[in-house]
Amino acid sequence: MWQDILSFLVHVQGAIRDSIGADLRVFAASRDWSALIAVLPLGIAFGAVHALTPGHSKTVLATYLVGAPLKVLEGVGVAAVLAFTHVLTAVLIAVLALPLIETGLTSAGRAPLLEDVSRGLLALIGVWMLARAWRGPPEHHAEGAFVGIMAGLIPCPLTLFAMVLAISRGVPEAGLVFAGALVLGVMATLSAVAVVAILAKHSFTRFLGRHGAKLQRVSRVIGAVAGVVLVAIGLQELLLR
């Protein structure tokens with residue numbers, strides 16, 4: 001069933017790319033801003049669906065938030081930082097023509113160097129979470145923003161597609177407008193992941209608390225497990241890519 005869902009999302013993503021490409025080509029020919037603005041709500045929907053496909057750090061986000069002492073709004077903030085960085089990285093690569101993208105037939109749109117940096121730093125965040133669980137230091141709210149930036153360093157392939165096509169057609173401004181719509185959609189999906197992860201953690205800790213467990217100890221154990229998972233994700237990506 002999971003394979004069917006994934007195949008469906010890949011098919012939808014192909015349709016999204018075709019639709020964005022068509023809209024950009026029409027704008028390049030007509031320069032009709034009203035027509036472009038009219039399709040931006042669809043661009044937001046495209047971003048939300050696109051973020052459901054693999055490669056948007058949803059697992060990393062959920063794992064971190066399960067182990068971090070953050071409230072729901074703070075978790076949504078982490079998701080927003082991740083989404084913005086994810087799209088902005090792609091925009092900067094396209095606009096500045098940074099030579100970071102791998103162009104092989106099986107890996108177009110990937111940025112291996114940024115992926116290595118991102119996963120390596122996330123592994124370090126996992127080590128920090130382990131240390132925090134062991135020592136129980138006070139929370140550091142800036143940590144969440146840092147995690148969002150590190151996880152978002154991997155550029156958004158759909159944004160790269162839109163920006164490169166827009167630049168090639170001589171309308172980079174249209175690509176930037178689409179990027180803005182896409183970031184809102186990606187943010188919506190990642191924010192939903194953040195809310196579910198934090199509420200699930202709170203429900204779990206309350207359940208254990210009703211059965212005699214000490215909430216502080218439970219939180220530290222959950223944080224340690226999340227740290228181990230982040231370290232494992234980071235090392236796996238670095239060693240097996």
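Values for this structure:
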{"read-out": "Solvent accessible area, Å² - Thr59, 1.4 Å probe, full protein context", "value": "90"}
{"read-out": "Charge context of Ile198, other residues only, Cβ under 9 angstrom, K/R +1, D/E -1", "value": "+1"}
{"read-out": "Accessible surface of Arg220 - all protein chains present, 1.4 Å probe, nearest 10 Å²", "value": "90"}
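The values are calculated or read from the model by the stated rules, or taken from the named source; none is laboratory data. Computed from a predicted model, the values in this text were never measured in an experiment. Here Cβ is always computed from backbone atoms with ideal geometry, including for glycine, and neighbour counts include all displayed protein chains. Please note that ligands, DNA and RNA were not included when accessible areas were found on the heavy atoms of the full protein model with its side chains. Shrake-Rupley method; radii C 1.70, N 1.55, O 1.52, S 1.80 Å.
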